[in-house]
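The values are calculated or read from the model by the stated rules, or taken from the named source; none is laboratory data. Predicted model only: the values in this text are computed from it and were never measured. Cβ coordinates were reconstructed from backbone atoms using ideal geometry, including for glycine residues, and neighbour counts include every protein chain displayed.
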Amino acid sequence: MAQFDLVILGGGSGGYACALRGAQLGLSVALIESGKLGGTCLHRGCIPTKALLHAGEIADNTRDAAHFGVNAQLHSIDMTAVNVYKDGVVNRLHKGLQGLVKSRSVTFVAGHGRLVSPNTVEVEGEKYTGKNVVLATGSYARTLPGLEIDGTRIITSDHALTLDYVPARVIVLGGGVIGCEFASVWKSFGADVRIIEALPHLVALEDESSSKQLERAFRKRGINYELGVRFASATTSEAGVKVKLEDGKEFEADLLLVAVGRGPTSANLGYEEQGIAMERGYVIVDNKCRTSVPGIWAVGDLIPTLQLAHVGFAEGIMVAEEIAGLNPRPINYDGVPRVTYSDPEVASVGLTSAQAKARGHEIVELTYDLAGNGKAQILNTAGSVKLISEKNGPVLGIHIVGARVGELLAEAQLIYNWEASAEDVAPLIHAHPTLSEAMGEAHMALAGKPLHAHG
Ligand SMILES: Cc1cc2nc3c(=O)[nH]c(=O)nc-3n(C[C@H](O)[C@H](O)[C@H](O)COP(=O)(O)OP(=O)(O)OC[C@H]3O[C@@H](n4cnc5c(N)ncnc54)[C@H](O)[C@@H]3O)c2cc1C
């Protein structure tokens, strides 16, 4: 039986971050992974989708080249070559991560693990015992009752990432982050795209103003959507897939992407048997990611916090530091930056207007239109920076729409997490001409001294 300070089940964002930080702090670490080190984010999530979105951006730029006076013509999308590019990015990062784990002396165990006692994980007959065990088994793409994923006509994001062709017509079931990103990619590649969303808005967790801007932008790009209507059924045939909605509408397409959310990977892994408190398959934890069983911790998509890679990283690091006795601060989940990498991007940190009001804040709001920003004009993008602030107090939420605005969250998250007010930010100088100037301008306007803002 091999003994460690830390045994980690699952080598995705949450698990490997915990392993790297634990090893850095002098703990002996075993990291158990049944698939590929790096997990969903590296192999089936963040990285490959963003590579596809970048290829889509190049296609759109080529299509629109004449606007910038460049004579170019988009001939076609070669999905084989796009996949070579995408897989190249993933493979380089995968190699780098494998080297990193090795260099930190983490014991990497390849195989399917199962929790067989509160401090032991068994992998193919071998037992790995830890003073602490961290569960980081992640999540899987869910479907709806009666909607069977066949991997050909009815697919999940896992299948969508390995397609070797661009579908002519595609229906995306679910207008959340993953659905909107694939809708954006496929439209850029020339497909006819329709999103079906049961909630009243696309990216419904975002501030309503951001959702509305994305909807307007998608409409302008020719991405169709049906909002506030539920899916009824899907039937497949040689010719494609026919989707019926509860309002009686029917649509046909080559492909149906089911993007209705992700569920925790927790079944048949021994979690319940060891007495770990669970809810709807999620492992329940306290603010330091401790489960109900002493010595067992859980991080990432397996617990009911935001399903984001950087949240998994942060939770993994926090757990390693807590175990090493550093007493780290609990994570403030409101302060986590969130991005939908569609065209346009939707980025935010902090509270939405609705959340701020529901929590009893007296708020003031300001929206700065990117039309007044030089770089936005150069890039030919539309959008805005919306600030929500406590009256005479700190900024409570920042919501941004436009091309490349995800990068603006680097500053936005400092403003939110350091509880800065508009008056604190207004004097900071932003380089000209950058999109970041829109952040500066918004805070200047909120502080009562607008420069390039009308009204
Ligand atoms: C299409 C898509 C796009 C995304 N884009 C983004 C994005 O742009 N930005 C972002 O922040 N997040 C994004 N995400 C979410 C992000 O990928 C997840 O939040 C993140 O991967 C969660 O990390 P994790 O460690 O909890 O789980 P995972 O990354 O799922 O890792 C869990 C690992 O555990 C392994 N495992 C499971 N069970 C066992 C077992 N019994 N034994 C051994 N190993 C096991 C799995 O093989 C897997 O490698 C995206 C997700 C998807 C699906």
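Taking the numbered list (1) in a strand (DSSP E or B); (2) within 26 Å of LEU370 (Cα to Cα); (3) among the β-branched types (Val, Ile, Thr) in turn, VAL203 passes all entries but (1). Kindly establish whether ALA66 is free of Cβ contacts under 8 Å to residues at least 12 places away in the same chain, assigned by TED's automatic domain parsing to the domain that holds THR49 and in contact with a helix residue (DSSP H, G or I) (Cβ under 7 Å, 6 or more places away or on another chain). No; evaluated as a whole, the condition is false for this residue. Consider the stretch 28-69 and keep the residues that are in contact with a Phe, Trp or Tyr (Cβ under 8 Å, 6 or more places away or on another chain) and part of a loop (DSSP other than H, G, I, E, B). The one that is farthest from the ligand (Cβ to nearest atom) is SER28. Each residue in the stretch 372-386 was checked for being touching a Phe, Trp or Tyr at 6+ places or on another chain (Cβ under 8 Å) and among the hydrophobic types (A, V, I, L, M, F, W, C), and 1 pass. The one condition from (1) away from the ligand (no atom under 16 Å from the Cβ); (2) in contact (Cβ under 8 Å) with a residue 60 or more places away in the chain; (3) under 22 Å from PRO167 (Cβ atoms) that ASN83 does not meet is (1). Among the residues making up the stretch 183-204, a single one is touching a strand residue (DSSP E or B) at 6+ places or on another chain (Cβ under 8 Å), under 21 Å from ILE77 (Cα atoms), crowded, with 24+ Cβ neighbours inside 10 Å and not aliphatic (A, V, I, L, M): TRP186.
In summary, strands (runs of 3 or more DSSP E) completely within the stretch 207-253 and bearing 3 or more residues that are among the small types (Gly, Ala, Ser) occur at 231-236.
Taking first residues from the stretch 132-155 that are free of Cβ contacts under 8 Å to residues at least 40 places away in the same chain and partners that are assigned to a strand (DSSP E or B), the Cβ contacts under 7 Å between residues at least 6 apart in sequence or on separate chains come to GLU148/ILE154. Tallying residues that are outside any strand (DSSP E or B) and surrounded by 18 or more Cβ atoms within 10 Å (Cβ to Cβ) within the stretch 383-393 yields 1. Screening the stretch 75-170 for strands (runs of 3 or more DSSP E) wholly inside it with 1 or more residues that are crowded, with 17+ Cβ neighbours inside 10 Å and of a type in the set (Gly, Ala, Ser) returns the ranges 113-117, 126-135, 139-141.
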